[in-house]
1. Among DSSP bridges having both ends in chain A, what percentage is antiparallel? Round to the nearest 5.
2. Run the label-point distances for B:Pro214 please: 7 Å along Cα to Cβ, every other copy, nanometres, shortest first.
3. Output, in nm with one decimal and in ascending order, the distances from the A:Val5 label point to the matching label points of the other copies (7 Å from Cα along Cα-to-Cβ).
4. Can you list which of the chymotrypsin sites (Phe, Trp or Tyr not before Pro) found in region A:143-235 are DSSP loop residues with at most 15 other C-beta atoms within 10 Å?
5. With an 8 Å cut-off on Cα pairs and a minimum separation of 6 or more residues, tell me the relative contact order of chain B in percent.
6. Considering only Cα-Cα distances, which of the following residue pairs are longer than 31 Å: B:Lys130/B:Lys195; A:Lys147/B:Lys195; A:Lys130/A:Lys191; A:Lys202/B:Lys147; A:Lys84/A:Lys130; A:Lys84/A:Lys202?
7. Per DSSP helix of 4 or more residues, -39500 (n - 2.57); summed, then divided by the residues of the protein assembly as shown. What does that give at 222 nm, rounded to the nearest 500?
8. State, as an integer percentage, the relative contact order of region A:1-62 based on alpha-carbon contacts under 8 Å between residues 6 or more apart.
2 protein chains.
Amino acid sequence: MSHLVYELYYWPMIPGRGEFVRLVLEDADQPYVDVARLPEAEGGGIAGLKRALAEAPLGFAPPMLKFGQQAISQTLQICHFLAKHHGRLPAGASGEYDAQHLAGSLYDFVVEIHNVHHPLGAALYYEEQKAEAARAAAAFAEHRLPKYLSFFERCIEQNGGREPWLLGTDLSYVDLWLFQVIEGLRYAFPKTMSKRTESTPKIVAANEAVRARPRLQSYLASERRIPFNEHGLFRHYPELDVG
Amino acid sequence: MSHLVYELYYWPMIPGRGEFVRLVLEDADQPYVDVARLPEAEGGGIAGLKRALAEAPLGFAPPMLKFGQQAISQTLQICHFLAKHHGRLPAGASGEYDAQHLAGSLYDFVVEIHNVHHPLGAALYYEEQKAEAARAAAAFAEHRLPKYLSFFERCIEQNGGREPWLLGTDLSYVDLWLFQVIEGLRYAFPKTMSKRTESTPKIVAANEAVRARPRLQSYLASERRIPFNEHGLFRHYPELDVG
């Protein structure tokens, strides 16, 4: 692995699922090319992304990570792979199982968050499903959001005083995932989330600890970090921020 | 691992996500206890399931698999773990990456299928979101269903003539996942799926090959196999079968 530069293939205009991969690469200080953010003339752009997916034997949907002759897909797998090779897993077999459990649960959470603004599916625009999204948002804020937040708050609490991390003694990739999910939720639902601050002190502290990591500080201030916007997973539609 | 009996914790009344785990255990001939299907007096039932989740350090949602002192969660992780330990992974690192890619894609597909009858979220009953479900079903049948089916058809086609399997020379757990997804889709959307038979001959053949495996034949005919019903992932509501 040692001399390969990773190639990340993901939509160039949104943080989306690709951002979970970028955060692991950045925190682990691994050089990578964010291919679709290169100019089309250099093989980038959406054209470059689509070409790479079409050329990969099992290419289906981004994100995809290439290294050497290998291409791997699915956000959970990519992040777990990077974490394993670059010191971002909790120690021991049990730590690895627990990381996959929490990352998988965060993945489920992200799908539900996306579903709030697209309850009828990604084939229709938000504008075609605004009424349905309003109903989905109310149910999400009342039931699912508190359920997930209180679970992750409890995980940090139960981690044997080794706060602010979810698992083990050091930061693992699931802490980076939780950071991104909380950032996204605060962007999408600022009013709802501000009401949740008091009941989630461990999550708030974890968020600050991730943000303070020197490599991430400089990444988050760079142009490599794509701002949240209304094309991605986490969208701010004030009419949905009703929790 | 050799002398442990697995304990599966999952809702006792639906095939749901637990069925993906059961199929791997059954095909690999691994003894297991389906704990929540035991009587409550023997520690089973929904009460037994909820107690086990509450007692597990990071317990959150079923399915959960226990062996010895270890509990692992998340359907993808559980199945990959079992496949790895019991000969249901394609050979080589690349085979393992590809398996996680296809299993992850099937997982995404399943979440979208569930979303068709619950577009506004699981907190509301189907009866509270029938109109929204009808719109979601139309978009699903037009866009997402053909996209996923043609992808998996192509995977089998491209597997170097080693049909009917998705990856490698032998059955792997992703073939069991595809089987369950196709069975579920046929149950939920019989009219829509019958129109797709001609364009997915490889998937149809794969389905028959899985069903013909001796251990699965006897499993599928047994009471251990929970029939599809209107409480699970795959639900037959004729009004949604419109593709």
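1. Around 70 percent antiparallel, to the nearest 5.
2. Sorted ascending, the copy-to-copy spacings read 6.4 nm.
3. Distances between equivalent label points, in nm: 5.7.
4. Sparse-neighbourhood loop chymotrypsin sites (Phe, Trp or Tyr not before Pro): none present.
5. Here the relative contact order equals 22 percent.
6. With Cα atoms farther than 31 Å apart: A:Lys147/B:Lys195; A:Lys202/B:Lys147; A:Lys84/A:Lys130.
7. Details: 20 runs with 240 residues, N = 486.
Calculated at 222 nm, the ellipticity per residue is -15500 deg cm²/dmol.
8. Computed value for region A:1-62: 33 percent relative contact order.
None of the figures in this text is laboratory data; all of them are computed from the coordinates on show. Note that the structure is predicted; figures quoted are calculated from it, not measured. Don't worry about glycine lacking a Cβ; one is built from the backbone with ideal geometry, like all the others, and counts go over all protein chains shown.
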